[in-house]
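Enquirer: Here you go, one structure.
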Amino acid sequence: MDKPLIIECPVVGAELTREMYPYLPLTPDEISSSAVEAVEAGASVIHLHVRDENGNPSQRLDIFEEVTEKIRNRCDCIIQYSTGGAAGTPIEERIAPLKLKPDMATLTMGTIDLGEYGVFENEDSTIETIANAIEANGVVPELEIFDCGMVDTAFRFLKRKKIPENFNVGFGFGLKGGMPADAQNIFLLAQKFNNHIWVASGISKNHLPVSAHAIALGGHVRVGIEDNIYFRKGEYAKSNAQLVSRIVRISNELERPVANVDEARSMLKV
Ligand code: KMH
Ligand code: ZN
């Protein structure tokens, strides 16, 4: 396949702690360095969460600004802010960093019960508020789909023209409380969104099979510590770059080129 593979890297997320994963980047220097290494390894999109001085998840604009600047000073890449934050983050905080006008931002298409991490609430009114803030700031959304009900919500919003015209789609397979990472689910969603750029992530042990399917089917891959902390069973990944490098190798073996940042920009229209 000739279509270049976009690799998206979620470098830190909101849920992990150092106790759960010893190499977790937490400070602005650590998060930005991990992002730059991931870009050097082949990622073109960085999905960004930030942490406060205590290592807790935060949607503070000043920290997003600091981390973004530190990344931009060292490399060119597409930066996608999280508008999810952590489960329970108030809506005003979730949309606050959009004022910085990142290239992209996430827009989750429904509620999901993440078990011990809490209920990540996205009722219709929340989705609409975030979609409006994304549009008002000229940001490109990635519609996040974690279960099949969210497909219905996405199409309802699209039909009502509540989503900016230019968007891409992110599928998360194998989240606790979400859709299983079965091949038929990947095929189903790939077909549903075959007119759009779709990026698939297999959570934790689902990472490799989901990524291989996405590469083969003409989709794109999200790979990083937010979604999977293991390189192989029982062995932590040392870094985001280590995980990204493996996807680059697999894609090369499958004779699919990896997109550079300029190619990803033109494919995503950001
Ligand atoms: N941390 C999850 C509750 C996003 O970044 O938009 C939400 C999340 C999705 O990570
Ligand atoms: Zn996230």
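Enquirer: How long are the semi-axes of the equivalent ellipsoid of the chain, defined as square roots of 5 times the Cα gyration tensor eigenvalues? Whole Å, largest first.
Expert: Working: eigenvalues 106, 101, 71 Å².
Its equivalent ellipsoid spans semi-axes of 23, 23, 19 Å.
Enquirer: Here's something else I'd like to know. Mind checking the per residue accessible area of the chain for me, 1.4 Å probe, whole number of Å²? Walk me through the numbers on the way to the answer.
Expert: Numbers: 11570 Å² over 270 residues.
Heavy-atom SASA per residue in the chain reads 43 Å².
Enquirer: I would also like to ask the following. What relative contact order, as a whole-number percentage, does the chain give when Cα pairs under 8 Å and 6 or more residues apart are counted?
Expert: Rounded, it is 24 percent for the chain.
Enquirer: Another question, then. Give me the net charge for the shell around residue 178: Cβ to Cβ below 13 angstrom, other residues only, Lys and Arg +1, Asp and Glu -1.
Expert: -4
Enquirer: At 7 Å along the Cα-to-beta-carbon direction for both residue 92 and residue 267, put a label point, then send me their distance in nm to one decimal.
Expert: With each label point 7 Å from Cα toward Cβ, the separation is 4.0 nm.
Enquirer: Let's see if you can work this out: charge +1 on each Lys and Arg Cβ, -1 on each Asp and Glu Cβ, no other charges. What is the dipole magnitude of the range 16-98 about its Cα centre, in debye to the nearest 20?
Expert: Numbers: 7 positive and 14 negative charges, 39 e Å.
Value, rounded to 20: 180 debye.
Enquirer: List, in order, the whole-Hz ³J(HN,Hα) value for each residue of the range 3-12 obtained from phi through the Karplus relation with A = 6.51, B = -1.76, C = 1.60 and θ = phi - 60°; use x for Gly and Pro.
Expert: Once rounded to whole Hz, the list reads 4, x, 8, 7, 10, 10, 10, x, 7, 9.
Enquirer: Quick check: the distance between the Cα centres of the range 131-152 and the range 16-84, to the nearest angstrom?
Expert: A separation of 21 Å, based on Cα centres.
Enquirer: Right, next: Under a Cβ-only charge scheme (Lys and Arg +1, Asp and Glu -1), can you give me the dipole magnitude of the chain about the Cα centre, in debye to the nearest 20?
Expert: So the magnitude is around 660 debye.
Enquirer: Largest first, please: the extent of the C-alpha atoms of the range 120-204 along each principal axis, to the nearest Å.
Expert: 36, 28, 21
Enquirer: Once amide H atoms are placed 1.01 Å from N in the peptide plane, what residues at a sequence separation of 5 or more from residue 228, or on another chain, have their amide H within under 5 Å of its amide H?
Expert: 204
Enquirer: Taking the DSSP beta bridges in the chain as the whole, what percent of them are antiparallel, to the nearest 5? Each step should come with its number before you reach the end.
Expert: On the way: 6 of 34 bridges.
So the antiparallel bridges in the chain amount to around 20 percent.
Enquirer: Sticking with this structure for a sec: Quick check: at a probe of 1.4 Å, how many percent of the accessible area of the chain sits on carbon and sulfur atoms?
Expert: So the carbon and sulfur contribution to the accessible surface is 50 percent.
Enquirer: Still on this structure: Quick one: of the DSSP bridges fully inside the range 1-84, what percent are antiparallel, nearest 5?
Expert: If we restrict to bridges inside the range 1-84, about 20 percent are antiparallel.
Enquirer: Roughly how many nanometres apart are two label points built 7 Å out from the Cα toward the Cβ at residue 60 and residue 125?
Expert: 3.0 nm
Enquirer: Quick query: amide H of residue 220 versus all other amide H atoms, modeled in the peptide plane; which residues come in under 5 Å with a sequence gap of 5 or more or a different chain?
Expert: Correct list: 198, 199, 200.
Enquirer: Let me ask you something else. Using DSSP to call loops (not H, G, I, E or B), can you name the trypsin sites (Lys or Arg not before Pro) in the range 1-96 whose Cβ has at most 12 other Cβ atoms within 10 angstrom?
Expert: 18
Enquirer: Looking only at Cα atoms, what is the convex hull volume of the range 21-106 per residue, in Å³?
Expert: Numbers: hull volume 8.1 nm³, N = 86.
Measuring per residue, one finds 95 Å³ for the Cα hull of the range 21-106.
The values are calculated or read from the model by the stated rules, or taken from the named source; none is laboratory data. All values reported here derive from a predicted model rather than from experimental measurement. Positions of Cβ are backbone-derived with ideal geometry, glycine not excepted, and every protein chain shown enters the neighbour counts. Ligands, DNA and RNA are stripped out before the accessible areas are found, and what is left, the full protein with its side chains, is counted by its heavy atoms. Shrake-Rupley method; radii C 1.70, N 1.55, O 1.52, S 1.80 Å.
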